[in-house]
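The values are calculated or read from the model by the stated rules, or taken from the named source; none is laboratory data. This one's a predicted model, so the numbers in the text were calculated from it and none came from an experiment. As a convention, Cβ positions derive from the backbone with ideal geometry for all residues, glycine included, and neighbour counts pool all protein chains shown. When the accessible area is computed, the model is the full protein with side chains, heavy atoms only, and any ligands, DNA or RNA have been set aside. Shrake-Rupley method; radii C 1.70, N 1.55, O 1.52, S 1.80 Å.
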Amino acid sequence: MRLANLSGRATIVVDGRAIDVATASAGALSSDPMVLSDLANHDALRNLAASAVAADWPELDEAQLGAPVPRPPKGYGVGLNYKQHAIESGRDMPTEPHLFAKTENCVCGPFDEIVIPQGLTEIDYETELVIVFGRTCKQATRENAWSFLAGVTCGQDISDRGEQFRPPLKQFTIAKSYDTFGPTGPYLVTADELADPDALELKGTVSGEVMQEANTNDLIFDVPALVVWLSRYITFQPGDVVWTGTPGGVGEARGRFLRAGDVVETEIAGIGRMRNPVVER
Ligand code: ZN
């Protein structure tokens, strides 16, 4: 299934048409997009998708899409999770995942503006696969890890490098959680839609220039490994999201930071493409 937040309403996308979940279910399911990331609703959503006559529904207008999970109860990001990115940042390979939080306020949609606070000059892009939990998860195993996930989406983990590495202590969570620093979308895609959910091509461009190109099969800690490690001591809930880390080619390594007028495009094969303009204010 391809699931979306269309103008703030839960939507199933079938053949480019937008099936409104609340209307199609005659109110049995809420219009709140958060219903999409709860696996308890997925059988009902699949039934709606199967029984809907797509032609009866309006064509999807991508420009009206918001974050598929607009209010994640928890959000984390993984640092240094591609070998190439670890090398370019001059750091040792991690032997276990390193996490920071990305808070709800930073979440924005696939075509929303990324807002640089005035005067900041080291704002960076990070193209990432975002996983979305769909049911209560504690102490997952590699074998059952994917079964806890409602699906995946594209993400940007926008970062203020100046603040992130400000001496004497690093400060990842604040530097990666400014308002609009967590674009996600355009769709929440269930794993069964993807030929191999552990091998997804990602591409990140800034103003048309390809900056990042990789495959999630290069992750140091793949999706099952992250789910296992994260759920050792923390219980995950439907709607919790994790940015799984960025490949090489970030602005910090290139000396090319984001500035007003840039357009950040983020594409993952089988999921879709986000297009976020950059403004300063
Ligand atoms: Zn990141």
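Annotations
- Pairs meeting the criteria (first residue in segment 60-81 and in contact (Cβ under 8 Å) with a residue 24 or more places away in the chain, second residue within 12 Å of the ligand (Cβ to nearest atom) and of a type in the set (S, T, N, Q), beta carbons under 6 Å, at least 6 apart or on different chains) are 78/244.
- Taking the criterion of being within 19 Å of residue 276 (Cα to Cα), away from the ligand (no atom under 16 Å from the Cβ), open to solvent by 20 Å² or more (accessible area, probe 1.4 Å) and in contact with a helix residue (DSSP H, G or I) (Cβ under 9 Å, 6 or more places away or on another chain), the residues of segment 94-122 that qualify are 111, 120, 121.
- Looking across segment 62-100 at every residue that is part of a loop (DSSP other than H, G, I, E, B) and among the hydroxyl-bearing types (Ser, Thr, Tyr), the one that is nearest to residue 240 (Cα to Cα) is identified as 95.
- Any hit, segment 46-64, residues being of a type in the set (Ser, Thr, Tyr), open to solvent by 80 Å² or more (accessible area, probe 1.4 Å) and within 20 Å of residue 220 (Cβ to Cβ): no
- Just one of the listed residues (71, 91) is open to solvent by 70 Å² or more (accessible area, probe 1.4 Å) and either more than 24 Å from residue 216 (Cβ to Cβ) or more than 16 Å from the ligand (Cβ to nearest atom) (or both), namely 71.
- Test: residue in segment 177-195 that is open to solvent by 20 Å² or more (accessible area, probe 1.4 Å), within 16 Å of the ligand (Cβ to nearest atom) and not basic (Lys, Arg): yes
- Residues located in segment 132-179, provided they are in contact (Cβ under 8 Å) with a residue 24 or more places away in the chain, among the aromatic types (Phe, Trp, Tyr) and either part of a helix (DSSP H, G or I) or closer than 29 Å to residue 255 by Cα (or both): 146, 148, 172, 178
- Hits in segment 4-31 (condition: among the charged types (D, E, K, R) and more than 14 Å from residue 67 (Cα to Cα)): 15, 17, 20
- Within the span defined as segment 249-263, one or more residues are part of a loop (DSSP other than H, G, I, E, B), within 19 Å of residue 158 (Cβ to Cβ) and free of Cβ contacts under 8 Å to residues at least 12 places away in the same chain.
- Test: residue in segment 123-131 that is crowded, with 17+ Cβ neighbours inside 10 Å and part of a loop (DSSP other than H, G, I, E, B): yes
- Tabulated pairs, segment 87-109, first in the same structural domain as residue 159 (by TED's automatic domain parsing) and over 24 Å from residue 234 (Cα atoms), second open to solvent by 30 Å² or more (accessible area, probe 1.4 Å) and in a helix (DSSP H, G or I), C-beta under 6 angstrom, 6+ apart or interchain: 88/253
- Residue match in segment 135-153 (condition: assigned by TED's automatic domain parsing to the domain that holds residue 204, under 15 Å from residue 243 (Cβ atoms) and within 16 Å of the ligand (Cβ to nearest atom)): yes
- If you go through segment 154-166 and keep only what is closer than 17 Å to residue 120 by Cβ and either more than 12 Å from the ligand (Cβ to nearest atom) or of a type in the set (Phe, Trp, Tyr) (or both), you end up with 160, 162, 163, 165, 166.
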